[in-house]
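The values are calculated or read from the model by the stated rules, or taken from the named source; none is laboratory data. These numbers were taken from a predicted model, which means no experiment stands behind them. Note: ideal-geometry Cβ built from the backbone for every residue, glycine included; neighbour counts use all protein chains shown.
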Amino acid sequence: MKNMKDTILSMEHITKVYANGFIANHDVNFSVREGEIHALVGENGAGKSTLMKVLFGSEKPEEGCILYRGKEIRIESPTVAIKYGIGMVHQHFMLVPSLTVAENLVIGLEPKKNGFFSMEEAIRITKAASEKYNLIVDPLVKIEDLSVGVKQKVEILKALVRGAGIVILDEPTAVLTPQETKELFSELKSLKRKGYTIIFISHKLNEVKDLCDRVTVLRSGKTIGVEEIKNVSKQDISRMMVGRDIRLNIVKERAEREDEVLRIEKVSKVNSLGKVVLNQVSFHIRKGEILGIAGVEGNGQSEISEIISGMDPYYDGNVVLNGKDIRGLSVREIRENGVAHISEDRMTYGIVSDRSIAENIISDRYYKREYQKGFLMNSKKVNNTVDDLIKKYNIICDGKDQPVRMLSGGNMQKVVAAREFTSEANLILANQPTRGIDIGASIFLRNKLVELRDNGAAVLLISADLSEVMEVSDSLIVMNEGNIAAYFEDASTVTEEEMGLYMLGIKKMSEQEIRRAINE
């Protein structure tokens, strides 16, 4: 283990205040040693992203300084950060889908021959970097044809070929299978052995424990502590993050399935590029049941969500909700027929960011009779409802009139959940309900899904987080290339490793097995 004298970079007394007066970082201290994998954890709104934006030059702090190898430096832009060997791999990939791996790798560093772009040299650079860092990629494949795991490798290679010795990884395993995660961790440990420093931002505490050497915990914009990973448990870390003990496991009784709520019959979908993204998919879900859908992103899960919610009316097959075919119904009509929907893209479809918390919470019910008083809104009813839900859902805010965009990601998601979970729906369509939010908010929302199930709702849970979908679900579907690759009547009978094999298409149940299991 390296000593403190081996510190390669430190951020001292960083304070960042936004124009609205929000203090994102308050006197934060953070340092990393050369050749270590260092976790940065905290709840949503704790200041992690802001601190890394300061380090990468995307934000300028009001106070504090950054020291690199003991000397103060000024990082005023990402270009300057790259000059100092600091690279950042964002959670949402910054790749051009229509270009090849080689072309993406050299963007901004384009090799020339006789004044023109040299594809031959770009391929050579890619192959050399791929072999040097043991991140094997095909230079000539287009990004749009790659798996999520390989895209992750390309992003890391992009940082490394630009000279990064310190690599910031923001939620790098959010959409990876267990096999892809294991491979990524092996590659990160290889980089560590070569002297590279990795800053690993994650909400998955089991991964933090498995991979990292040390952990820095932020809470409410302040540094709570720095610990050697070997000296702390997951419970210790979560306590530091939220300031109290939280139960990390979901406790639920066996499902008591009742009448059928939703039936999907031979649903197929061809996208705008002519690709079959759903192929004769059939399943059903009943009251008192949580049916999980797992799969690597891009294998049909999002299309299922969009079809059921009414956002995509162009498909073949039938979707029957509470005994009624939804074809031709508007989104509002589908909602009024019993569907609540948490979209995977909360910023686009879940909230109106410039509107208040109150307006967002009542946006699905403001037109109903109990919220009206003559030609005006019943302000007393609205205020009582909103105040009650802010309290019940523990939405941390300055008040119901605060714009939603001012909230942390976890609290934004609680606003969406407060609206959707109290809409008296009997089908809860939850698509990536806890993506990118902290462990406290995640556990809260998972328990709410179980509570809704216990109160008689059917829950369709779509999640890229395998631990979530396996722990919360009663039954489980695995998607691969628009097909159901496996169906488990009892989600507790399958392991994460086996799930990964089905997700990657390495294993597949026969059509007869799937049909028999679903119809039992």
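Among the candidates Lys158, Lys194, single out the residue that is of a type in the set (Lys, Arg), over 20 Å from Lys53 (Cα atoms) and in the same structural domain as Pro78 (by TED's automatic domain parsing). Before you say what the answer is, go through the steps one by one.
Details: Lys158 fails: over 20 Å from Lys53 (Cα atoms).
Just one listed residue meets the conditions, Lys194.
Tell me the residue from Arg332, Arg355 that is basic (Lys, Arg) and closer than 19 Å to Thr422 by Cα, please. Lay out the reasoning, then the answer.
Numbers: Arg355 fails: closer than 19 Å to Thr422 by Cα.
Going through Arg332, Arg355 in turn, the sole match is Arg332.
Conditions tested, residue by residue: (1) part of a helix (DSSP H, G or I); (2) modelled with pLDDT of 95 or more; (3) of a type in the set (Phe, Trp, Tyr).
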{"residue": "Leu460", "(1), (2), (3)": "no, yes, no"}
{"residue": "Ala464", "(1), (2), (3)": "no, no, no"}
{"residue": "Glu468", "(1), (2), (3)": "yes, no, no"}
{"residue": "Glu471", "(1), (2), (3)": "yes, no, no"}
{"residue": "Ser492", "(1), (2), (3)": "yes, no, no"}
{"residue": "Glu497", "(1), (2), (3)": "yes, no, no"}
{"residue": "Gly500", "(1), (2), (3)": "yes, no, no"}
{"residue": "Lys507", "(1), (2), (3)": "no, no, no"}
{"residue": "Gln512", "(1), (2), (3)": "yes, no, no"}
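Starting from residues that are of a type in the set (A, V, I, L, M, F, W, C) and at pLDDT below 95, keep the ones in the stretch 376-388 and report whichever is surrounded by the most Cβ atoms within 10 Å (Cβ to Cβ). Let's see the steps before the verdict.
The first filter runs over the stretch 376-388 and keeps only residues of a type in the set (A, V, I, L, M, F, W, C), leaving 376-377, 382, 386.
Then drop every residue that is not at pLDDT below 95, which leaves 376-377, 382.
Numbers: Leu376: 7, Met377: 15, Val382: 20.
My answer is Val382.
So in the stretch 348-361, with the set limited to residues that are touching a residue at least 40 places away in the same chain (Cβ under 8 Å) and under 28 Å from Gln301 (Cα atoms), which one is surrounded by the most Cβ atoms within 10 Å (Cβ to Cβ)? Reasoning before the result, please.
Filtering the stretch 348-361 down to residues touching a residue at least 40 places away in the same chain (Cβ under 8 Å) leaves 350-358, 360-361.
Remaining after also requiring under 28 Å from Gln301 (Cα atoms): 350-353, 360-361.
Details: Gly350: 22, Ile351: 24, Val352: 13, Ser353: 15, Asn360: 23, Ile361: 27.
The residue in question is Ile361.
I'd like the full set of residues that are modelled with pLDDT of 90 or more and under 11 Å from Glu43 (Cβ atoms), limited to the stretch 235-252. Working first, answer last.
Taking the stretch 235-252 first, the residues modelled with pLDDT of 90 or more are 236-237, 240.
Scanning the stretch 235-252 gives a single hit, Met240.
Report, by residue number, each residue of the stretch 297-342 that is more than 21 Å from Tyr366 (Cα to Cα) and among the β-branched types (Val, Ile, Thr).
Matches in the stretch 297-342: Ile304, Ile307, Ile308, Val319, Val320, Ile326.
Considering each residue of the stretch 27-85, count those that are in a helix (DSSP H, G or I) and small (Gly, Ala, Ser), and give that number. So that I can check it myself, show each step before the final result.
From the stretch 27-85, those in a helix (DSSP H, G or I) are 48-55, 78-83; that's our starting set.
Adding the requirement that they be small (Gly, Ala, Ser) leaves 49, 81.
Selection size over the stretch 27-85: 2.
When you look at Glu297, is it assigned to a helix (DSSP H, G or I) and either more than 17 Å from Ala430 (Cα to Cα) or acidic (Asp, Glu) (or both), yes or no? Steps first, please.
Numbers: assigned to a helix (DSSP H, G or I): no; either more than 17 Å from Ala430 (Cα to Cα) or acidic (Asp, Glu) (or both): yes.
Taking the combined requirement at face value, the residue does not satisfy it.
Of the residues that sit in the stretch 1-58 and are at pLDDT 90 or above and of a type in the set (Lys, Arg), which one is farthest from Lys189 (Cα to Cα)?
Going through the qualifying residues, I end up with Lys16.
Just need a number here: residues in the stretch 161-179 that are buried (at least 21 other Cβ atoms within 10 Å of the Cβ) and under 24 Å from Ala122 (Cα atoms).
3
Can you tell me which residues in the stretch 487-520 are more than 29 Å from the chain's Cα centre (by Cα) and hydrophobic (A, V, I, L, M, F, W, C)? Before the answer, list the steps.
Initially, the stretch 487-520 is screened for residues more than 29 Å from the chain's Cα centre (by Cα), giving 510-513, 515-517, 519-520.
Hit for the stretch 487-520 is Ala517, nothing else.
Checking Leu262 against (1) in contact (Cβ under 8 Å) with a residue 60 or more places away in the chain; (2) out of contact with any Leu (no Cβ under 8 Å at 6 or more places or on another chain); (3) surrounded by 13 or more Cβ atoms within 10 Å (Cβ to Cβ), which test does it fail?
(2) is the only condition that Leu262 fails.
Inside the stretch 399-431, can you point out the residues that are β-branched (Val, Ile, Thr) and more than 25 Å from His284 (Cβ to Cβ)? I'd like the intermediate steps shown before the answer.
Step one: filter the stretch 399-431 for residues β-branched (Val, Ile, Thr), giving 404, 415-416, 422, 428.
Hits for the stretch 399-431 are Val404, Val415, Val416, Thr422.
Looking at Ile334, Ile304, which is the one that is under 21 Å from Arg446 (Cβ atoms), surrounded by 13 or more Cβ atoms within 10 Å (Cβ to Cβ), among the β-branched types (Val, Ile, Thr) and modelled with pLDDT of 95 or more? Show your work before the answer.
Working: Ile334 fails: under 21 Å from Arg446 (Cβ atoms).
That would be Ile304, the only listed residue that is under 21 Å from Arg446 (Cβ atoms), surrounded by 13 or more Cβ atoms within 10 Å (Cβ to Cβ), among the β-branched types (Val, Ile, Thr) and modelled with pLDDT of 95 or more.
When Pro313 is evaluated against the numbered criteria (1) assigned to a loop (DSSP other than H, G, I, E, B); (2) under 30 Å from Leu176 (Cβ atoms), which criterion, by number, is the only one it fails?
(2)
Within the stretch 309-318, is even one residue closer than 30 Å to Glu496 by Cβ, surrounded by 20 or more Cβ atoms within 10 Å (Cβ to Cβ) and touching a strand residue (DSSP E or B) at 6+ places or on another chain (Cβ under 8 Å)?
Yes, the conditions are met somewhere in the stretch 309-318.
Within the stretch 119-134, can you find the residues that are of a type in the set (A, V, I, L, M, F, W, C), surrounded by fewer than 21 Cβ atoms within 10 Å (Cβ to Cβ) and in contact (Cβ under 8 Å) with a residue 12 or more places away in the chain? First the steps, then the outcome.
First, pick out the residues of the stretch 119-134 that are of a type in the set (A, V, I, L, M, F, W, C): 119, 122-123, 125, 128-129.
Narrowing the set further to residues that are surrounded by fewer than 21 Cβ atoms within 10 Å (Cβ to Cβ) leaves 119, 123, 125, 128-129.
Answer for the stretch 119-134, where residues must be of a type in the set (A, V, I, L, M, F, W, C), surrounded by fewer than 21 Cβ atoms within 10 Å (Cβ to Cβ) and in contact (Cβ under 8 Å) with a residue 12 or more places away in the chain: Met119, Ile123, Ile125, Ala129.
Among all residue pairs at least 6 apart or on different chains, which show Cβ distances below 8 Å where the first residue, located in the stretch 37-65, is not assigned by TED's automatic domain parsing to the domain that holds Leu188 and the second is of a type in the set (D, E, K, R)?
none
Which residue out of Leu205, Leu262 is assigned by TED's automatic domain parsing to the domain that holds Val32 and under 23 Å from Val469 (Cα atoms)? Steps first, answer last, please.
Details: Leu262 fails: assigned by TED's automatic domain parsing to the domain that holds Val32.
After ruling out the rest, the residue left standing is Leu205.
Could you look through the stretch 210-232, keep only residues that are touching a residue at least 24 places away in the same chain (Cβ under 8 Å) and in a loop (DSSP other than H, G, I, E, B), and pick out the one that is surrounded by the fewest Cβ atoms within 10 Å (Cβ to Cβ)?
Ser220
Within the stretch 135-175, can you find the residues that are in contact with a Ser or Thr (Cβ under 7 Å, 6 or more places away or on another chain) and without any contact (Cβ under 8 Å) to a residue 24 or more places away in the chain?
Ile136
Among the candidates Lys153, Lys142, Lys182, Lys192, which residue alone is basic (Lys, Arg) and surrounded by 22 or more Cβ atoms within 10 Å (Cβ to Cβ)?
Step by step, each of Lys153, Lys142, Lys182, Lys192 is checked, and only Lys153 is basic (Lys, Arg) and surrounded by 22 or more Cβ atoms within 10 Å (Cβ to Cβ).
Looking at (1) surrounded by 13 or more Cβ atoms within 10 Å (Cβ to Cβ); (2) within 30 Å of Leu140 (Cα to Cα); (3) without any contact (Cβ under 8 Å) to a residue 60 or more places away in the chain, find the lone condition where Ile82 falls short.
Among (1) surrounded by 13 or more Cβ atoms within 10 Å (Cβ to Cβ); (2) within 30 Å of Leu140 (Cα to Cα); (3) without any contact (Cβ under 8 Å) to a residue 60 or more places away in the chain, the lone unmet condition for Ile82 is (3).
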